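Presented below is the structure to which this report refers.
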Amino acid sequence: MQPVIHSLLDTDLYKFTMWQTMLHRHPQTQAEYTFVCRNEPTYPLAQLVDEVNAQFDHLCGLSFRADELAYLGSWRFMKSDFIDFLRIFHFQREFISARAVGDQLEIIASGPQVHVMAFEIYVLAIVNELYFRRFDQTAALREGRQRLAAKIEHLNRFATTPALRHPFEFFDFGVRRRFSGDWQREVVATFKREVPQFFKGCSNVLYARDLDLVPIGTMAHEYLQTYQTLGVRLRDFQRAALEDWVQEYRGDLGTALTDVVGMDAFLADFDLYFAKLFDGLRHDSGDPVLWGEKALAHYEKLRIDAHTKRLVFSDGLDFERSIALYQHFADRTQCGFGIGTNLTNDMGLRTLHIVMKLTHANRQPVAKLSDSPGKLLCDDDTFLAYLRQVFKVDS
């Protein structure tokens, strides 16, 4: 068997930042994460089940090495007790299962959240790489390199256009849906070499370390969703999550995710206190222009200079969309663009739209009412209706 994951650093930065927060704030939380494929694969994913289970066996045998812990510990926002926890951590095989259900691949990770929350990115990278190993590798890499060269050429042409007040900056957010780990490393190294004026970091902690890049990331939906079950009033869950984040990081990692119950409901909670403490906001669903205009109007209402804040866009981007958004907003605020699949899996093959989402915490359902209805994942209609009612979100 050729392992997909060789190092536990081969994951997104925000898995570590959320992990530390939950270990310190709510270590007793129980959680369940469920794998979902949102589009139709070229062949049934159930065919991969034996290979997936073999990869999980391998993953659960990995642990953090001394040099990896030293790298994580070098970040000022990582606490020594969390590094000590990682020193003895390894995944428990009993907490994750994969089986074929008809043509579908069912994967469920269930157990203490601090022991299962980190499975997500590894699971998605494993399924993706195993899936694409069955295609012609030579043809895919040839096409991928041609497309990568075209992206570099596009950026070089863009570099000749008149500059706006704030610079264009993009990051690689492509771990979860990459063609392969080797290809992601090649892509990241190429952007660093060819367009360093634009390419400012990646979410992959391993490649950030190896290629001397800035690791990028703060929080994901699972972090805020967990607070729907943590004993605060449901109406207050976003405020509670943001407050714990502020107390944990005290000025670091200041980009807040806005679409767990939609942008309007988020802004109702994002008062002057939070707006001053957080450096910016991240878009992950809905119309990005409408979202950005709402964000800027909110800062203006609070009499905050938007030039001191950053809007990070991360929903299904390519360079054409990113540059268009940059040209719309960059004279009014700082911008950043997290690009995923279009960087690490643009090979001329139809990609998988797979996720591994938190579905229950503390044996209660959680949900996301994002600004894109297709991203909803919750199997409890009663809880969904209640959440919509509490936050006045239309069906």
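The values are calculated or read from the model by the stated rules, or taken from the named source; none is laboratory data. Note that this is a predicted model, so its numbers are computed, not measured. For neighbour counting, all protein chains shown are included, and Cβ atoms are generated from backbone atoms with ideal geometry for every residue, glycine included.
On inspection, F16 does not qualify as within 26 Å of D244 (Cβ to Cβ), under 21 Å from the mean Cα position of the chain (by Cα), assigned to a loop (DSSP other than H, G, I, E, B) and in contact (Cβ under 8 Å) with a residue 24 or more places away in the chain. Here L369 passes the criteria (1) surrounded by 15 or more Cβ atoms within 10 Å (Cβ to Cβ); (2) more than 22 Å from the chain's Cα centre (by Cα) except the one numbered (2). On the basis of being surrounded by 17 or more Cβ atoms within 10 Å (Cβ to Cβ), in contact with a His (Cβ under 6 Å, 6 or more places away or on another chain) and either farther than 23 Å from P215 by Cα or not basic (K, R) (or both), does E68 make the cut? So E68 does not fit the description; no.
To keep it simple, each residue is scored yes or no on (1) under 23 Å from C202 (Cα atoms); (2) touching a Phe, Trp or Tyr at 6+ places or on another chain (Cβ under 7 Å).
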site	(1), (2)
S7	yes, no
D12	yes, no
M18	yes, yes
R25	no, no
F35	no, no
Q55	no, no
Y71	yes, no
R76	yes, no
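Residue-level analysis places R93 outside the set of residues that are more than 22 Å from Y33 (Cα to Cα) and of a type in the set (D, E, K, R).
In this entry, A275 is excluded by the filter for residues that are within 21 Å of the chain's Cα centre (by Cα) and more than 14 Å from D371 (Cβ to Cβ).
To keep it simple, each residue is scored yes or no on (1) surrounded by fewer than 17 Cβ atoms within 10 Å (Cβ to Cβ); (2) outside the structural domain of D212 (by TED's automatic domain parsing); (3) under 27 Å from I216 (Cα atoms); (4) in contact with a helix residue (DSSP H, G or I) (Cβ under 9 Å, 6 or more places away or on another chain).
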| site | (1), (2), (3), (4) |
| --- | --- |
| M117 | no, yes, yes, yes |
| V127 | no, yes, yes, yes |
| L130 | no, yes, yes, yes |
| L148 | no, no, yes, yes |
| L164 | yes, no, yes, yes |
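The single residue among F179, F91, F85 that is more than 30 Å from H307 (Cα to Cα), in a loop (DSSP other than H, G, I, E, B) and not assigned by TED's automatic domain parsing to the domain that holds K200 turns out to be F91.
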